[in-house]
Amino acid sequence: MDGATDEIKVSFTVNRKAVEIVCSSDATLLEVLRDQLRLTGTKHGCGVGECGACTVILNGKAVNSCLILAGSVEGQEVLTIEGLAEDDLHPIQRAFIEEGAVQCGYCTPGMILSAKALLDENPAPSQEEVKVAISGNLCRCTGYHQIVSAILKASQEIAGRG
Ligand code: FES
Ligand code: FES
């Protein structure tokens, strides 16, 4: 064995746009997003599924992209932080700014996408449900209080619009 890996072609949707990439069969979704598609808002933290910095939304669910083989997303839909804001900042992004929930910012894209997956499924979560939803996302800076407040504030704002 020389350790060489096969190249594969993968077609999927990222931020509502169809993409087709060629990557090695052992490339992770995180590597493809950052290194090939230049979507560097998705962060590389631990690389082993423990920090949540690499969180993206795959078919509506928040997942750790460092644990997903790019080859397994054929035909699926991925949303990264770059695809969240359309014309204006998303209410979750605005609430993070207003509540002081962004400090170094390294955890922020992953936190926001975990929050979005939660609010899409459960638009009026309790504080406890918010804590559970972000339990896989580590933040070394904020102590989580501002993050939880921001997500609750965003849920109210979204409810108020609906
Ligand atoms: S980089 Fe994926 S969970 Fe830490
Ligand atoms: S704001 Fe720095 S890790 Fe969360």
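The values are calculated or read from the model by the stated rules, or taken from the named source; none is laboratory data. Keep in mind that what you see is a predicted model, and the values were worked out from it rather than measured. Counting neighbours? That spans all protein chains shown, and the Cβs are built from the backbone with ideal geometry, glycine included. Protein only, heavy atoms only, side chains kept; ligands, DNA and RNA dropped before computing areas. Shrake-Rupley method; radii C 1.70, N 1.55, O 1.52, S 1.80 Å.
Summary table
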item	result
Solvent accessible area, Å² - D26, 1.4 Å probe, full protein context	90
In order through segment 130-139: 3J(HN,Hα) via Karplus (6.51 cos²θ - 1.76 cosθ + 1.60), integer Hz, x for Gly, Pro	5, 4, 5, 5, 9, 5, x, 10, 8, 10
Restricting segment 1-107 to trypsin sites (Lys or Arg not before Pro) in coil, as DSSP defines it, with at most 14 other Cβ within 10 Å	R16, R38
Calculated [θ] (222 nm, deg cm²/dmol) that DSSP helices of n ≥ 4 give over the chain, each run adding -39,500 (n - 2.57)	-8500 deg cm²/dmol
Accessible surface, per residue, of segment 88-162 when the full set of protein chains is kept, probe 1.4 Å, Å²	51
Segment E7-V48, length gained on full extension (0.36 nm per residue, minus Cα span)	12.5 nm
Angle in degrees between helix 145-161 and the longest Cα principal axis of the chain, rounded to the nearest 10	80
Heavy-atom accessible surface of segment 1-105: percent carbon and sulfur, 1.4 Å	47
Potential extension, E86-R140 segment - 0.36 nm per residue separation minus Cα distance	16.6 nm
For the chain: relative contact order, % (alpha-carbon pairs under 8 angstrom, 6 or more apart)	23
Distance between segment 3-22 and segment 88-102 - C-alpha centres, whole angstrom	32
